[in-house]
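Following: one structure in structure tokens, then a few remarks.
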Amino acid sequence: QVQLVESGGGLVQAGGSLRLSCAASGSIFSINAMGWYRQAPGKQRDMVTIITSDGSTNLADSVKGRFTISRDNAKNTVYLQMNDLKPEDTAVYYCWLHSRGMAYWGKGTLVTVSS
């Protein structure tokens, strides 16, 4: 089993910054990709950003220029630096990991951006 533990969520004013972390542990043999999804109240869960094992990244258009994903392979940890946060970024942010054809999810961390 693989466990993902997110941290770093909280309440921030519009224009502020937060950094999320996600540490993976358990039976990890190879990681194809890690990333972040988010789900706002009453909406579906959407991809925010993904980073692959070779370092390639993919960002949702709504966060380009504001969010950055990075990864520490030695620690099996992925980070999400979020700058210039907007009220529409308010959501539960979920860590995601893909390994050997399986997808794993964290329990989520709430990010609230006040206007």
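The values are calculated or read from the model by the stated rules, or taken from the named source; none is laboratory data. Here the structure is a predicted model, which is why all the values come from computation and not from measurement. Counting neighbours? That spans all protein chains shown, and the Cβs are built from the backbone with ideal geometry, glycine included. Only protein heavy atoms, including side chains, enter the accessible area calculation; ligands, DNA and RNA are left aside. Shrake-Rupley method; radii C 1.70, N 1.55, O 1.52, S 1.80 Å.
Residues A60, A24, A40: which one is under 25 Å from R100 (Cβ atoms) and of a type in the set (G, A, S)?
Working: A60 fails: under 25 Å from R100 (Cβ atoms); A40 fails: under 25 Å from R100 (Cβ atoms).
After applying the criteria, what remains is A24.
Taking first residues from region 1-30 that are closer than 17 Å to S70 by Cβ and of a type in the set (A, V, I, L, M) and partners that are assigned to a loop (DSSP other than H, G, I, E, B) and open to solvent by 40 Å² or more (accessible area, probe 1.4 Å), the Cβ contacts under 6 Å between residues at least 6 apart in sequence or on separate chains come to A24/N76.
State whether the residues of region 39-46 include one that is without any contact (Cβ under 8 Å) to a residue 24 or more places away in the chain and more than 18 Å from V113 (Cα to Cα). Yes, there is a match, as at least one residue in region 39-46 is without any contact (Cβ under 8 Å) to a residue 24 or more places away in the chain and more than 18 Å from V113 (Cα to Cα).
Does region 31-39 contain at least one residue that is of a type in the set (S, T, N, Q), closer than 18 Å to T90 by Cβ and either under 12 Å from the mean Cα position of the chain (by Cα) or not in a loop (DSSP other than H, G, I, E, B) (or both)? Break it down stepwise before answering.
At the first step, the residues of region 31-39 found to be of a type in the set (S, T, N, Q) are 32, 39.
From what's left, closer than 18 Å to T90 by Cβ: 39.
If we keep only those that are either under 12 Å from the mean Cα position of the chain (by Cα) or not in a loop (DSSP other than H, G, I, E, B) (or both) as well, we get 39.
Within region 31-39, one or more residues are of a type in the set (S, T, N, Q), closer than 18 Å to T90 by Cβ and either under 12 Å from the mean Cα position of the chain (by Cα) or not in a loop (DSSP other than H, G, I, E, B) (or both).
In region 72-91, how many residues are open to solvent by 30 Å² or more (accessible area, probe 1.4 Å), modelled with pLDDT of 95 or more and either more than 10 Å from the chain's Cα centre (by Cα) or under 13 Å from A24 (Cβ atoms) (or both)? Reasoning before the result, please.
Applying the first criterion (open to solvent by 30 Å² or more (accessible area, probe 1.4 Å)) to region 72-91 yields 72-76, 79, 81, 83-84, 86-88, 90.
With the extra rule that they be modelled with pLDDT of 95 or more, the set shrinks to 79, 81, 83-84, 86-88, 90.
Those left that are additionally either more than 10 Å from the chain's Cα centre (by Cα) or under 13 Å from A24 (Cβ atoms) (or both): 79, 83-84, 86-88, 90.
The total comes to 7.
Confirm whether M34 is at pLDDT 95 or above, in contact with a helix residue (DSSP H, G or I) (Cβ under 9 Å, 6 or more places away or on another chain) and open to solvent by less than 20 Å² (accessible area, probe 1.4 Å). Spell out how you get there, then give the answer.
On the way: at pLDDT 95 or above: yes; in contact with a helix residue (DSSP H, G or I) (Cβ under 9 Å, 6 or more places away or on another chain): no; open to solvent by less than 20 Å² (accessible area, probe 1.4 Å): yes.
Taking the combined requirement at face value, the residue does not satisfy it.
Of all the numbered requirements in (1) farther than 20 Å from G101 by Cα; (2) open to solvent by 40 Å² or more (accessible area, probe 1.4 Å); (3) of a type outside the set (D, E, K, R), G8 misses one, and that requirement is (2). Take Q39 and tell me if it is surrounded by fewer than 16 Cβ atoms within 10 Å (Cβ to Cβ), touching a Lys or Arg at 6+ places or on another chain (Cβ under 8 Å) and more than 15 Å from D72 (Cα to Cα). Considered against the rule, which asks whether it is surrounded by fewer than 16 Cβ atoms within 10 Å (Cβ to Cβ), touching a Lys or Arg at 6+ places or on another chain (Cβ under 8 Å) and more than 15 Å from D72 (Cα to Cα), Q39 comes out as yes. Looking across region 47-60, the residues that are assigned to a loop (DSSP other than H, G, I, E, B) and touching a residue at least 12 places away in the same chain (Cβ under 8 Å) come down to S53, G55, A60.
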